[in-house]
Every structure is written in structure tokens, then in C-alpha cells.
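Below is one structure; the comments refer to it alone.
Every read-out reported here was derived from the displayed coordinates using simple, explicitly stated rules and does not represent laboratory data. It should be emphasised that the depicted structure is a prediction, and the values quoted were computed from it without experimental measurement. All Cβ positions, even for glycine, are placed from backbone atoms using ideal geometry, and neighbour counts span all protein chains on display.
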Amino acid sequence: MQQIEQIYINGEFVTPHGDEWFDLHNPSTEQVIGRVRLGDEADTRLAIAAAKAAFPAWARTTKTERKAALTRMHQAVLAREDDLMAAIVTEYGAPSVRSRWMATYPASVIAQAIEALDAFEFEEQVGSAQVWMTPVGVAGLITPWNSDAGFICNKLATALAAGCTAVVKPSEMSAMQTQIITEALHQAGLPAGVFNIVNGRGDVVGEELTRNPDVAKISFTGSTGVGKHIVVSGAETMKRVTLELGGKSPTLLLDDADFPATIGMILQAGFMNSGQACIAGTRILVPRQRLAEFEKVAVEAIAQIKSGDPRQVDTDIGPMVSRKQWERVQGYIHQGLEEGARLLAGGPGRPEGLTRGWFVKPTLFTHANNQMRIAREEIFGPVLTILPYEDEAEAIAIANDTTYGLSAMVIGQDHQRCLAVARQIDAGRVLVNTLAHEPKAPFGGFKHSGLGREMGKWGIGAYLEPKTVMIG
Ligand code: NAD
């Protein structure tokens, strides 16, 4: 059993004032594998005070000094890749291909921040004025469990690149990953107080960050409900906010799409990260005249997808992160059946042969419509819904008939037509015949999927205020 007893404040590992303990589970076995001691409001206030004290000096550092610090962070995190990988498999249950990516991403995203910082113009002449981009102050960085280490490193590297100092509130369910990242970042030897990491509950540590007048900015990745609450509770102290929230992304198959050639990509878009992905393509829009053909291709492909032990190399889908998440996904599968959708694959319960662990069968519904809850609400598990459409106009209308707008995919053989459809989709990102990711491009959502953008110059800009200076 691993005991994580300390948090990180002002350059030191310290025992928190908070004395609540939280159990960590292995989602593949349901066993308790560790405990983490949670910080409270008093710990959060100490961390904020440390970040506030460190801010003036850090805000004055040059680009070269910040790049040197970020480079040390990059090297230190890179050196812990294998430890991180082991923690991600044990604590989160990501299958091995995914967990390797999740273990390399934290270092690579710091490298991206260095590149973005290098190219960033902090001062610009605009007409007769100079515009100085000025760091906003202390940033509160709040992460979810579905890629905790990656989100910590992305948000922190970007905030520091901009000249802000930070208090990180990681997901309490990912304390093993957080511990490895914290140890690595400590090794990087940044000035005390520049970053602080406080394990704790969202309604305790997270709330204090969003209310505290000494925090200027919140960058939050998590559910839309909590994101909306953060906007409201941060309004009193006029917090700047960046929110990366949920999604219900459409995968739109045009009537000339080659189903056998693209089914692998279509299912991967939906089942990525065991379905626990904000960008997952969970609504598959299919031309009605080709519905039976698509269903046949999809059923054959899903039969090849394995949900089970994340340590086995041929596993595609690992367990859900927690019992609560497993029950939520099961609830939606029952809901889909009650709403009258028809199961093409999967269904309630665990995959055959598995008697424990929070495993879900890869599930595909058809005979559904876009008003059903399985088509409107974020399930956050490997459950996909086929929605038939009559013509292109209806396909675009269904794709946009959602409160979300994080990501979308368009699949078809006529490239120009795909681009014309992509222009009409309300989403922060549209993938045309690809699953590729470009970390230099802005990432974020339209509508209830978020506010603002992360990554690249857009990410750094979100931690800065433009100051217009006129010189007589
Ligand atoms: P969550 O909203 O429950 O929790 C996210 C974080 O917020 C956790 O650290 C939690 O402790 C904290 N929190 C909870 N209540 C809080 C409060 N009142 N004040 C401040 N902080 C609080 O989300 P989750 O279940 O950890 O993650 C899943 C969600 O995250 C999904 O909805 C998913 O779509 C979303 N997500 C979005 C992106 C994106 O980039 N858009 C990426 C990954 C996950």
C-alpha cells in the first residue's frame, strides 16, 4: 500500500494541515492500493501565499531564464517516464498503448510550451502605442483524472512560460501520478513558491482557489457542471478563466465514405482512452440509405475490440476509473435500452469472463435519435450511438444539435465536400479523415465545452493581460 502523506508548498514537501485520507484503487481489481492525505483550505491558503510571494520575481524573469527552467522541468519529467507509465496502468487502468502515450505526453507537452514561449512576442508596437503582455498573477490549475499528469504539466508549463506562478489542484483520484510529477518538478530546482501542488477535494481545495482574491486566474479541465460553478464562484473576485469541459462529439460519415477503410478510425475516435475522453466521437452520423451496410461493418470491427486487463498488449479498452464511473456508464446503457435504442454490440455488465474490475463491454447502439439521453449527455465510457440522417443538411443540423462543441470528425472521399461540411460544424476542432493531433494548434471548445483555448500562443496568451503603453 502506497501512502502519500505530503503536499508541495514553497519548494518543500510538507505534511498538510488537512487530515482527511482518500483511498486509491486499482480499477482492474477494485482493490485499495494506496491512500492519500488531503490538504484543506488552510493548506490552500498557504500555497496561494507562497505563489503570491514568488510572483513579482518570476514575472520579471526573462524569456531565456524561463526557457532554462522549463528545460530542467522537461528533463526531470522525461526521466520519470517509466514510473509514470506504471502508475497510470495501476491507478488509472489505461491499456498499454494508451498508457505509454500518457507517460510520454507530460514531458512532450513541456517541450511544446518551450517552443511556444520561444516564438511568443511579449511586446508589440501597435500604431503609436506599445502593447506589453503582462502576466495576470497567481494561477489556480485544476485537473481531472483522465490524464492527470499530462494536464498538470501542460497547464503548469504554460502558466510559468507566461510569467505566472501557480497552485495546482490535481485530481484526488490520481495521487500516484501527481506524486511522481511533483518529485520530478522538485528536482528541476525552480525558485520556491513558483509552483505549489495541493492534493485535495474539489469542494475544499478547488473551492478555495476559485474564491480566493489572491488567485487571478483559473485554468480548469473537467466536467461542464463544475466548470459553470467555477465561473459563478470566481466572478466575485473577477477571475480570468480558461475552461476545458465535456463533449458529445459527432463523427459524420458522408454518403461516399468508405466504411471498411475507415471503421478502425471511427471506433478509435469513440473508444479512445477507454471512452473516458472529452473529445471522444460518440455520435456516429450515418446516411440512412447505407445504415445496414455500416451496421454490418461496425459489428464485425467491434468483435475484434478487447476490453480487459490493461497490462495485456492486445487490450484496447481498460476499466473505468472508479466504481462510480462504472455505475454511471452502466446506467446510460440501461437508459439507452429503456429509450428504445437497439443494441448492436456490448450491453450491460462486464465483458465475458471478467468477474471483477470496473470493465465495460464496448457498446454500440443503433435505431437511436438525437433527442435520446444517450445521444445528448456525455457518458464518458465506451458507449457509442449511431444516428441515421437523410441528407447532408440534416447531418450538419444533427451534428450541431448539442450543447457541446469540443471536437468533430468528418469522413468522406470528396475532400472539398468534407471541408465544406467542416466549415459548418460548431466545434473547436474538426478532424477531416484523420485522427491526427497538432499540439501547436489551439485546443478548446465552442458552447458548453469550454471558454478560451489552451496550447501554443493561445495558451500562453490566456495567462496574460495586454497593457497598452503610450510614450510621450
Ligand atoms: P470533475 O469536474 O468532477 O473534476 C475535475 C477537477 O475539478 C477535479 O480535480 C475535482 O476535484 C475538481 N473539482 C470538483 N469540484 C470542484 C469545485 N467545486 N471547485 C473546484 N474544483 C472542483 O471532472 P472529472 O470527473 O475529474 O473529469 C471528467 C470530466 O472532465 C469530463 O466531463 C470530461 O469531458 C472533462 N474533460 C475535459 C477535457 C477537455 O480538455 N475539454 C479533457 C479531459 C476531461
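Numbers below:
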{"item": "Verdict on Thr237 being more than 9 Å from the ligand (Cβ to nearest atom), hydroxyl-bearing (Ser, Thr, Tyr) and assigned to a loop (DSSP other than H, G, I, E, B)", "result": "yes"}
{"item": "Residue satisfying all of: in the range 122-150; within 16 Å of the ligand (Cβ to nearest atom) and in a strand (DSSP E or B); farthest from the chain's Cα centre (by Cα) among these", "result": "Val138"}
{"item": "Qualifying positions in the range 151-172 - assigned to a helix (DSSP H, G or I) and either more than 9 Å from the ligand (Cβ to nearest atom) or surrounded by fewer than 24 Cβ atoms within 10 Å (Cβ to Cβ) (or both)", "result": "Ile152, Cys153, Asn154, Lys155, Leu156, Ala157, Thr158, Ala159, Leu160, Ala161, Ala162, Glu172"}
{"item": "Residues (of a type outside the set (D, E, K, R) and either touching a residue at least 40 places away in the same chain (Cβ under 8 Å) or near the ligand (Cβ under 7 Å from one of its atoms) (or both)) located in the range 209-223", "result": "Leu209, Thr210, Asn212, Val215, Ala216, Ile218, Ser219, Phe220, Thr221, Gly222, Ser223"}
{"item": "Unique match (being surrounded by 21 or more Cβ atoms within 10 Å (Cβ to Cβ), in contact (Cβ under 8 Å) with a residue 12 or more places away in the chain, within 28 Å of the chain's Cα centre (by Cα) and on the phi < 0 side of the Ramachandran plot) among Met320, Met265", "result": "Met320"}
{"item": "Candidates Arg342, Arg373, Arg350 - the one that is surrounded by fewer than 22 Cβ atoms within 10 Å (Cβ to Cβ), without any contact (Cβ under 8 Å) to a residue 24 or more places away in the chain and basic (Lys, Arg)", "result": "Arg350"}
{"item": "Among (1) farther than 21 Å from Thr221 by Cα; (2) among the hydrophobic types (A, V, I, L, M, F, W, C); (3) in contact with a strand residue (DSSP E or B) (Cβ under 6 Å, 6 or more places away or on another chain) - the single one Leu435 does not satisfy", "result": "(3)"}
{"item": "Meets criteria (within 16 Å of the ligand (Cβ to nearest atom), closer than 30 Å to Val215 by Cβ and surrounded by fewer than 14 Cβ atoms within 10 Å (Cβ to Cβ)) for Ala441", "result": "yes"}
{"item": "Boolean, Gln177 is in a helix (DSSP H, G or I), within 16 Å of the ligand (Cβ to nearest atom) and surrounded by fewer than 24 Cβ atoms within 10 Å (Cβ to Cβ)", "result": "no"}
{"item": "Cross-chain or 6+ apart pairs with Cβ under 6 Å, the range 438-456 first and closer than 16 Å to Val226 by Cβ, then part of a strand (DSSP E or B) and acidic (Asp, Glu)", "result": "Gly450/Glu244"}
{"item": "Which numbered condition Val383 fails, given (1) out of contact with any strand residue (DSSP E or B) (no Cβ under 6 Å at 6 or more places or on another chain); (2) farther than 30 Å from Thr158 by Cα; (3) surrounded by 15 or more Cβ atoms within 10 Å (Cβ to Cβ)", "result": "(1)"}
{"item": "Qualifying position, being away from the ligand (no atom under 15 Å from the Cβ) and either part of a helix (DSSP H, G or I) or closer than 22 Å to Asp401 by Cα (or both), among Val286, Val226, Val205, Val232", "result": "Val286"}
{"item": "Qualifying strands (runs of 3 or more DSSP E) (wholly inside the range 362-447; at least 1 residues being in contact with a Cys (Cβ under 6 Å, 6 or more places away or on another chain) and farther than 24 Å from Arg342 by Cα)", "result": "408-411, 430-432"}
